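The values are calculated or read from the model by the stated rules, or taken from the named source; none is laboratory data. Quantities reported herein were computed from a predicted structural model and do not represent experimental measurements. Here the Cβ positions follow ideal geometry from the backbone for every residue, glycine too, while neighbour counts run over all protein chains shown. For the accessible areas, the whole protein counts, side chains as well, though only heavy atoms, and no ligand, DNA or RNA atoms are used. Shrake-Rupley method; radii C 1.70, N 1.55, O 1.52, S 1.80 Å.
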Amino acid sequence: MADTSHGHTPAAWTGVTIAMIGFCVGSVFMVMAEPLGVIAGCAVVLLGGVVGMIMRSMGLGQPKDTPERIAAREAAVAKG
């Protein structure tokens with residue numbers, strides 16, 4: 001997997017960071033037994049996914065594999 005940049009993009013980092021904040025918020029409110037806070041945390045987690053997808057569609061995610069990229073990667077692997 002070293003030849004790919006899976007997850008090393010602004011879209012991935014932003015989406016995961018927002019989702020992690022939502023998870024932390026939901027966890028705190030779960031311990032406090034506040035259902036509205038848990039729901040708000042879940043909404044923030046979902047927002048992280050949406051933001052990540054929007055950023056990917058804006059070109060800030062990993063580029064799609066084209067035949068040229070696949071051939072270049074296979075050539076690099078064959079070289080050693």
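Assuming ALA75 fulfils every condition listed in (1) at pLDDT 90 or above; (2) open to solvent by less than 70 Å² (accessible area, probe 1.4 Å) apart from one, which condition is it?
(1)
For the range 42-62, check the following and say yes or no: at least one residue is surrounded by 12 or more Cβ atoms within 10 Å (Cβ to Cβ), in a helix (DSSP H, G or I), polar (S, T, N, Q) and at negative phi.
The answer is no, given that none of the residues of the range 42-62 is surrounded by 12 or more Cβ atoms within 10 Å (Cβ to Cβ), in a helix (DSSP H, G or I), polar (S, T, N, Q) and at negative phi.
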